[in-house]
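Would you mind keeping the following structure in view while I ask a few things?
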Amino acid sequence: MQTIRKWIKLIKILCVLIMVTPFLTGCWDRLEIEERAVVLGVSIDKVNMEKAEKEEDEISHLRGTIPSPEKSMIRVAVQIALPGRIPLGPGESGGGGGGSVGKTVWVIDVVGHSLNDAFMNLQQQVSSKLFFGHLRVIVISEAVARNGLDNINDYFRRNSEVRRMAWMMVAKGQARKLMLAAPPLERVPTLYLMSTLDQGIRMGKFPKDYIGIFWSNVSKKGQEGFLPYVDIKKEQNVEIKGLAYFVGDQMVGVTKPLEIAGYLGIKGINPAGYRVFVQLGDKGQTVMTTATHRRAKIRVQIKDDIPHFTIDIGIELNVEGKFSDEVQINNPDVLRMIEEKQREGAVKSYSKVIKDSQAKGSDYFGFGEIVRAKKPHYWNKRIKTAEEWSKMYPNCTFEVKVALKVRRVGMKAV
């Protein structure tokens, strides 16, 4: 009996040890934060190959024995957080401004034949291991985007540290200048870029398009991807200049800033946040309206073996201001005129955005995915692949219908 009790006691102890052991292994591969080089932002530019080869050291290849690929080279700049320099609260002055990029981050750039090669060259110059777990912004120059993002997408998608909630954007001109910017509203420049786009979503200025969503759209058979197109201004502020849209991994076009509202309207994305001028008669009889809410419904039919889309868009408006006392906002006939004039302009604007995308063969709206979902037999028989949809899309026909309703006119008109 005592022997049995000893065995039971021993088995209990072994069970406890087995259960506790997994909880004791969590720190076996730990890496202290001070031992990491935390990358907050990355910019990628195209560079002259002859000059870049002279600047590059033989780290990933040896000239004459292990040749490098014969392709254009890139310059990669990174923002690395300086340990202990990023404040967690308001500074001594009580403000939230930056003023100098060197106070909180270290910007360093290298050249390479590919993104992986560039980061290998960068690691050779940085003592700590590069860590991408806090990467927030990837800025790509327009020249690189038009040349294709295949290598860039491949590298970041393979890297398990990169979060799918990071932003990738296309810069007008040189991308590196956004890494060097020091906007007064934010001490960490990369966080300013990120908050510009995040606030754009909340204010109805831009659709949700994190890097994970972009990769998902690029992978679809019936949709292309798009990225925010940005430019830095004189005061180090960043302007969202439009949508940079792609065919596959190659940028083919860019919209105007107001045409972002066209995309949002066609997709029925809320909240609405763009203001426009509406001219009722002569130039003096002008009002400004703002959209507050959108709804959209897209139907597809097959006509003459070609998809035909009917887009019904409903928009609610507020009258924000007028430029002449001749415009009587409290007159129902004037309100109906505002609705009709803006409806005509909206139909033209939405139709133009679609036609421009058709001219480039880039269905970044996702009309092809609607065909796949609603007309699977037609898709499987007539289209099948993303390449065939890219050829079919320019021939598709569209009918845009817009209904507008003025909801509020302001206190002065009451």
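The values are calculated or read from the model by the stated rules, or taken from the named source; none is laboratory data. Since this is a predicted model, take the numbers as computed values, not measurements. When we count neighbours, we look across all protein chains shown, and the Cβ atoms used for this are built from the backbone with ideal geometry, even at glycine.
Considering each residue of region 393-414, count those that are at pLDDT 95 or above, assigned to a helix (DSSP H, G or I) and surrounded by 13 or more Cβ atoms within 10 Å (Cβ to Cβ), and give that number.
2
Shifting gears a bit: Tell me whether region 219-234 contains one or more residues that are at positive phi and of a type outside the set (Phe, Trp, Tyr).
no
Among the listed residues Val230, Val300, identify the single one that is touching a helix residue (DSSP H, G or I) at 6+ places or on another chain (Cβ under 8 Å), in a strand (DSSP E or B) and closer than 24 Å to Glu399 by Cα.
Among Val230, Val300, only Val300 is touching a helix residue (DSSP H, G or I) at 6+ places or on another chain (Cβ under 8 Å), in a strand (DSSP E or B) and closer than 24 Å to Glu399 by Cα.
Continuing with this model, one more query. Residues of region 247-268 being assigned to a helix (DSSP H, G or I) and either farther than 16 Å from Tyr229 by Cβ or in contact with a Ser or Thr (Cβ under 6 Å, 6 or more places away or on another chain) (or both), which ones?
Of everything in region 247-268, those that are assigned to a helix (DSSP H, G or I) and either farther than 16 Å from Tyr229 by Cβ or in contact with a Ser or Thr (Cβ under 6 Å, 6 or more places away or on another chain) (or both) turn out to be Gly262, Gly265, Ile266, Lys267.
Also, quick follow-up: For region 101-158, which fully contained helices (runs of 4 or more DSSP H) count at least 1 residues that are of a type in the set (Phe, Trp, Tyr) and in contact (Cβ under 8 Å) with a residue 40 or more places away in the chain?
115-123, 150-158
Oh, and also: Please enumerate the residues belonging to region 196-221 that are under 28 Å from Arg158 (Cβ atoms), surrounded by 16 or more Cβ atoms within 10 Å (Cβ to Cβ) and small (Gly, Ala, Ser).
Listed by number, the list is empty, since nothing qualifies.
Among the residues of region 307-323, is there at least one that is in contact with a Cys (Cβ under 6 Å, 6 or more places away or on another chain) and modelled with pLDDT of 90 or more?
Checked against the condition, which is being in contact with a Cys (Cβ under 6 Å, 6 or more places away or on another chain) and modelled with pLDDT of 90 or more, region 307-323 yields at least one hit.
Please list, ordered by first then second residue, the pairs with beta carbon atoms under 6 Å, 6 or more apart or interchain, first in region 235-252 and within 15 Å of Met168 (Cβ to Cβ) and assigned by TED's automatic domain parsing to the domain that holds Met169, second part of a strand (DSSP E or B) and polar (S, T, N, Q).
Listed pairs, sorted by first residue: none to list.
Further question on the same structure: Does region 363-389 hold any residues that are part of a helix (DSSP H, G or I) and over 28 Å from Val254 (Cβ atoms), and which are they?
Once the filter is applied, which keeps residues that are part of a helix (DSSP H, G or I) and over 28 Å from Val254 (Cβ atoms), region 363-389 yields Ala373, Lys374, Pro376, His377, Tyr378, Trp379, Asn380, Lys381, Arg382.
Scan (1) surrounded by fewer than 18 Cβ atoms within 10 Å (Cβ to Cβ); (2) outside any loop (DSSP other than H, G, I, E, B) for the single condition Ile329 breaks and write down its number.
Tallying (1) surrounded by fewer than 18 Cβ atoms within 10 Å (Cβ to Cβ); (2) outside any loop (DSSP other than H, G, I, E, B), Ile329 fails exactly one: (2).
When you go through (1) more than 30 Å from Val137 (Cα to Cα); (2) in contact with a helix residue (DSSP H, G or I) (Cβ under 8 Å, 6 or more places away or on another chain) one by one for Thr290, which number turns out not to apply?
Thr290 satisfies every listed condition except (2).
Being assigned by TED's automatic domain parsing to the domain that holds Arg294 and in contact with a Gly (Cβ under 6 Å, 6 or more places away or on another chain) narrows it down to one of Ser362, Ser324, Ser351, Ser357, so name that one.
Residue meeting the stated conditions: Ser324.
Determine which member of the set Glu339, Glu344 is touching a Leu at 6+ places or on another chain (Cβ under 6 Å), charged (D, E, K, R) and within 26 Å of Asn270 (Cβ to Cβ).
Testing whether each residue is touching a Leu at 6+ places or on another chain (Cβ under 6 Å), charged (D, E, K, R) and within 26 Å of Asn270 (Cβ to Cβ) leaves just Glu339.
Let me spell it out: the conditions are (1) in the same structural domain as Ala373 (by TED's automatic domain parsing); (2) free of Cβ contacts under 8 Å to residues at least 40 places away in the same chain, and Gly314 meets all of them except one. Which number is the exception?
(2)
So that you can scan it fast, the table gives a plain yes or no per residue for (1) more than 12 Å from the chain's Cα centre (by Cα); (2) crowded, with 21+ Cβ neighbours inside 10 Å; (3) more than 25 Å from Ile108 (Cβ to Cβ):
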residue: Arg164; (1), (2), (3): no, no, yes
residue: Met168; (1), (2), (3): no, yes, no
residue: Arg176; (1), (2), (3): yes, no, no
residue: Leu180; (1), (2), (3): yes, no, no
residue: Glu186; (1), (2), (3): yes, no, no
residue: Tyr229; (1), (2), (3): no, yes, yes
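What residue, among those in region 159-172 that are part of a loop (DSSP other than H, G, I, E, B) and not hydroxyl-bearing (Ser, Thr, Tyr), is farthest from Thr196 (Cα to Cα)?
In this case the residue turns out to be Asn159.
Which condition number in (1) touching a residue at least 60 places away in the same chain (Cβ under 8 Å); (2) of a type in the set (D, E, K, R); (3) assigned to a loop (DSSP other than H, G, I, E, B) is the one that Arg343 fails?
Here Arg343 clears every test but (3).
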